[in-house]
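Peer 1: Below: one structure in structure tokens.
The values are calculated or read from the model by the stated rules, or taken from the named source; none is laboratory data. Keep in mind it's a predicted model, so treat the numbers as computed, not measured. Reconstructed Cβ throughout: ideal geometry from the backbone, glycine too, with neighbour counts over all protein chains shown. Note: areas computed on protein heavy atoms with side chains; ligands, DNA, RNA excluded. Shrake-Rupley method; radii C 1.70, N 1.55, O 1.52, S 1.80 Å.
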Amino acid sequence: MSGDLVGVWEVALSDGVHRIEFEHGTTTGKRVIYIDGKEVLRRDWMFKLVGKETFNVGNADTKATINIDAVSGFAYEYTLEINGQSLKKYMENRSKVTSTWLLNLDGIDCRVVLEKDTMDIWCNGQKMETAGEFVDDGTETHFTLGDHDCCIKAVSSGKKRDGIIHTLLVDGTEVSEATE
């Protein structure tokens, strides 16, 4: 990487937390985007120094855009949008549609993500094979991590505002939810 690094963002998606780095050479017009340290886009000799660069991030090819705006003179502002929303707004909405748990199983750090709209479950970037079943007080979605039996229980909170409560159980023991 050169000395033209102007923006670094951490984006939590279902398949993991991705680091996006952006280089902008204001004298050469160069634009380079790295995701998790790997170069994904390079443009040299761009005569227009402002504008936007759109690219995909993560296993689900989530759309990301870096906006380059002139603030004053030769100062620039860089903002990241995910799926057409500011990163802040995207992360706020994401916390409503996903639940995330961080745990250590057999010495391996695991990041388990439930996508509430599809009931898809991801662990460390891999979509898990699941089996869902209806039970007396809601639903249970079963999957395995290594030799461990896991289950995400979905039960009504009884309050419309709180909605459905999702709980991860690993070998019958509850794991507390993480805040990302």
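Peer 1: Which whole-number percent is the relative contact order of region 5-83 (Cα, under 8 Å, 6+ apart)?
Peer 2: Details: 156 pairs, mean separation 15.3, N = 79.
After rounding, I find 19 percent.
Peer 1: Ignoring ligands, DNA and RNA, what accessible area per residue does the chain give at 1.4 Å, in Å²? Could the numbers behind the result be given before it?
Peer 2: Working: 10550 Å² over 180 residues.
Result: 59 Å² of accessible area for each residue.
Peer 1: Could you work out the helix-only [θ] at 222 nm for the chain, with each DSSP H run of four or more residues adding -39,500 (n - 2.57) and the total divided by the number of residues, to the nearest 500 deg cm²/dmol?
Peer 2: Values: 1 runs with 11 residues, N = 180.
Result for the chain: -2000 deg cm²/dmol, rounded to the nearest 500.
Peer 1: If you don't mind, another one. Grab the other residues whose beta carbon is less than 15 angstrom from that of Glu39, score K and R as +1, D and E as -1, and report the net.
Peer 2: 0
Peer 1: Counting only C-alpha contacts under 8 Å and six or more residues apart, can you give the relative contact order of the chain as a whole percent? Intermediate results must be reported in sequence, preceding the final value.
Peer 2: Values: 336 pairs, mean separation 21.5, N = 180.
Worked out over the chain, it gives 12 percent.
Peer 1: Here's a follow-up. How would you order 5-18, 84-97 from highest to lowest mean count of nearby Cβ atoms within 10 Å? Mind dumping the intermediate values first?
Peer 2: Working: 5-18: 16.9, 84-97: 13.6.
The peptides rank, most packed first, as 5-18, 84-97.
Peer 1: Number of Lys-Lys pairs in region 1-142 under 27 Å by Cα, sequence gap 8 or more or different chains?
Peer 2: 28
Peer 1: Projecting each Cα onto the charge dipole of the chain (Lys/Arg +1, Asp/Glu -1 at the beta carbon, about the Cα centre), which of Leu13, Ser99, Ala131 comes out farthest on the positive side?
Peer 2: Leu13
Peer 1: Still on this model: I'd like the Kirkwood hydrodynamic radius of region 33-180, using the inverse of the mean 1/r over distinct C-alpha pairs, in Å. Display every interim value, and only then the final one.
Peer 2: On the way: mean 1/r = 0.0549 Å⁻¹.
Over region 33-180, the inverse of the mean reciprocal pair distance is 18.2 Å.
Peer 1: Nearest 10 degrees is fine. How inclined is helix 87-97 to the longest principal axis of the chain, computing both from alpha carbons?
Peer 2: Once rounded, the angle reads 10 degrees.
Peer 1: Given R₀ = 30 Å, FRET efficiency for Thr27-Leu87 by Cβ-Cβ distance, to 0.05?
Peer 2: Numbers: r = 27 Å, r/R0 = 0.91.
For Thr27 and Leu87, the calculated efficiency is 0.65.
Peer 1: Here is a further query. May I ask you to give the percent of accessible area on the chain that is carbon plus sulfur, with a probe radius of 1.4 Å? Spell out each step's value before the answer.
Peer 2: Working: 5210 of 10550 Å².
The computed percentage sits at 49.
Peer 1: Taking the alpha-carbon centroid of each part, what is the distance from region 84-145 to region 27-80 in angstrom?
Peer 2: Taking the Cα centre of region 27-80 as reference, the centre of region 84-145 is 30 Å away.
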